[in-house]
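Take a look at the structure below.
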Amino acid sequence: MVVKAEAWAAVAGLCRDDSRLGFDLLSCITGVDYPEREDGAEIEVIYNLDSIANHHELTVKVKLPRDDPRIASVEEIWRTADWHERETYDLLGVVFEGHHNLVRILCAEDWVGHPLRKDYEPPDSFHGIKNVIY
Amino acid sequence: MSELENRNPDPLTKNVVFLTAVDDIINATRANSVWPLTFGLACCAIEMMATGAAKYDIDRFGSGPFRGTPRQSDLMIVAGTVTHKMAPRVKRLYDQMPEPKYVIAMGGCVIRGGPYVKHGYHVVKGVDLLVPVDVYIPGCPPRPEALLEGLFKVQKLMKREKILDRTRRTTKPEVYHAVYPGLILRNAEDGIWANHWGSQGEAARGVGGGGHRWRGPVCGRQGRGVGRRGRALPR
């Protein structure tokens, strides 16, 4: 299911609260960088939802413009989104608006760039430690 | 396991009075009571734990009380991938250890970045960019026997210590070249590296023989640039 970015917050709330949907578990948030799509460079954020009560699952994709990827945070809806969103922000630079603490989670705090973007170039050195490639 | 040499030259009292050098006594006690720092960073730590457990039992060889604090340790076994995020912590823990201190680089990641040598943007390409390494143990991960052999190498290094020889302490380690620019960059030709990552192409370029040949742990401090003590290790 592909959802527009503006509608995602409402859709997410519906996914969790509607008893027929009942997606009470957000099992994963991933992001994929597509720098060369026909309708412009995109970053896709993918949400994997599970319903423990109804025994079904759903994959939601949200397409964001690559130069300014912004999407509403679902941290208030599924608490587990906290770290998942931080990871997606860290590695792909997706800004989750409304997140209470959107800082890097895997890379060092002062890391530059978002490593899972296709055009990412690793730094020659970090804090004086050379990234020697043998 | 330490063989103290009786330096009493008098044949009459040789079997009665045991004379030896202070260095030998101190080194023997030190080498037979190695306290490693508990320092597992990744999968190599599993092998390190196995080495400490019943089957391989590092305690048999005068080591083993893995300490939870650097202030009580004299050996840092860097077991596992060192990331850039972890690097300042590694350096700090090393700095907190009292002299004399020794470092074992355990596994491919710690030696040169291992499988992350090319695309691992987050991995420090060898812990000797941070701290001086005494013994390199190749493998992914090295087996406990290999770690034990590395420990023996460290013990041999310990037995070479001289309490009046402070060159090791005062010479700025070669490895600080990354932090202090101007010193020579680590030489990829120095042949300290030979393990099975060598067969994968990128890591093999100009570093040792490559291929699958097992060479055992290699001592890092001997004859590598200024400040290293050039004496060969006793076999």
For A:Asp124, B:Asp10, A:Asp17, write out the residues from largest to smallest accessible area, computed with a 1.4 angstrom probe and no ligands counted.
A:Asp124, A:Asp17, B:Asp10
Between B:Asn8 and residues 5 or more places away or on another chain, which pairs have amide H atoms under 5 Å apart, with H built 1.01 Å from N, and which residues are they?
B:Leu19
Enumerate the calculated ³J(HN,Hα) couplings along region B:111-122 in order (Karplus 6.51 cos²θ - 1.76 cosθ + 1.60, θ = phi - 60°), each rounded to whole Hz, writing x wherever the residue is Gly or Pro.
6, 9, x, x, x, 8, 5, 9, 9, x, 4, 9
Contour minus Cα-Cα span, B:Arg160 to B:Ala54, at 0.36 nm per residue, comes to 35.2 nm
Quick one: which residues, 5 or more positions from B:Ser63 or on another chain, have an amide H under 5 Å from its amide H? H modelled 1.01 Å from N in the peptide plane, none for Pro or chain starts.
B:Val34
Out of residues 5 or more away from A:Phe23 or on other chains, whose amide H comes under 5 Å of its own, with H placed 1.01 Å from N in the peptide plane?
A:Arg16
Run the dipole for region A:2-130 about the Cα centre, Lys and Arg Cβ at +1, Asp and Glu Cβ at -1, nothing else charged, and hand back the magnitude in debye, nearest 20.
160 debye
For chain A, what is the relative contact order in percent, using Cα pairs closer than 8 Å and at least 6 residues apart in sequence?
20 percent
With all pairs of different alpha carbon atoms counted, what Kirkwood hydrodynamic radius in Å does region A:2-130 show?
15.5 Å
Cα pair distances in region A:1-71, grouped into 5 Å bins until the bin that holds the longest one, percent each
4, 17, 25, 23, 14, 9, 6, 2
Taking only protein heavy atoms into account and a 1.4 Å probe, give the accessible area per residue of region B:28-145 in Å².
35 Å²
Can you pull out the buried accessible area for chains B and A, both sides counted, probe 1.4 Å, rounded to the nearest 100 Å²?
1700 Å²
Applying 1/(1 + (r/R0)^6) with R0 = 30 Å to the Cβ-Cβ distance of A:Ala10 and A:Val103, what FRET efficiency is obtained, to the nearest 0.05?
0.65
Note, region B:33-39: 3J(HN,Hα) by Karplus (6.51, -1.76, 1.60, θ = phi - 60°), whole Hz, Gly/Pro = x, goes 9, 7, 10, x, 7, 5, 8
Region B:51-71 residues near the modelled B:Glu145 label - backbone nitrogen below 13 Å, point 7 Å along Cα→Cβ:
B:56
Tell me which aspartates and glutamates have Cα within less than 17 Å of B:Lys101's Cα, excluding those fewer than 8 residues away on the same chain?
B:Asp23, B:Asp74, B:Asp128, B:Asp134, B:Glu161, B:Asp165, B:Glu174
Across the residues of B:118-124, average count of Cβ atoms on other protein chains within 10 Å?
5
Per the 1/(1 + (r/R0)^6) rule, R0 = 30 Å and r from the Cβ atoms of A:Ser19 and A:Asn48, FRET efficiency to 0.05 is 0.90
Inter-probe distance in nm under a simple model that places probes 7 Å from Cα toward Cβ, at B:Glu99 and B:Asn15:
4.4 nm
Protein chains only, probe 1.4 Å: how do A:Leu49, B:Leu41 rank by accessible area, largest first?
B:Leu41, A:Leu49
Karplus-derived 3J(HN,Hα), 6.51/-1.76/1.60, for each residue of region A:72-77, Hz, glycine and proline x
5, 6, 10, 4, 6, 8
B:Ser33 accessible area, assembled protein chains, probe 1.4 Å, Å²:
50 Å²
Measuring with a 1.4 Å probe in the full set of protein chains, what accessible area per residue, in whole Å², belongs to region A:2-130?
54 Å²
Filter the cross-link list B:Lys85/B:Lys159; A:Lys4/A:Lys118; A:Lys130/B:Lys156; B:Lys118/B:Lys153; B:Lys85/B:Lys153; B:Lys14/B:Lys159 down to pairs whose alpha-carbon distance in this structure exceeds 26 Å.
B:Lys85/B:Lys159; A:Lys130/B:Lys156; B:Lys118/B:Lys153; B:Lys85/B:Lys153
In terms of solvent-accessible area of protein heavy atoms at a 1.4 angstrom probe, what is the ranking of B:Arg92, A:Arg117, highest value first?
B:Arg92, A:Arg117
Which value in nm describes the separation of the simple spin-label points at B:Arg92 and A:Ser125, placed 7 Å from the Cα toward the beta carbon?
2.2 nm
In Å², nearest 10: area of B:Met86 left accessible to a 1.4 Å probe
60 Å²
Give, ordered by residue number, each residue of region B:64-85 whose 1.4 Å probe accessible area is reduced by a minimum of 50 Å² on adding the remaining protein chains to the chain alone.
B:His84, B:Lys85
Accessible area of region A:2-130 with a 1.4 Å probe: how many percent of it is carbon plus sulfur?
52 percent
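The values are calculated or read from the model by the stated rules, or taken from the named source; none is laboratory data. Fair warning: this is a prediction, and the values are worked out from it, not measured in the lab. When we count neighbours, we look across all protein chains shown, and the Cβ atoms used for this are built from the backbone with ideal geometry, even at glycine. Protein only, heavy atoms only, side chains kept; ligands, DNA and RNA dropped before computing areas. Shrake-Rupley method; radii C 1.70, N 1.55, O 1.52, S 1.80 Å.
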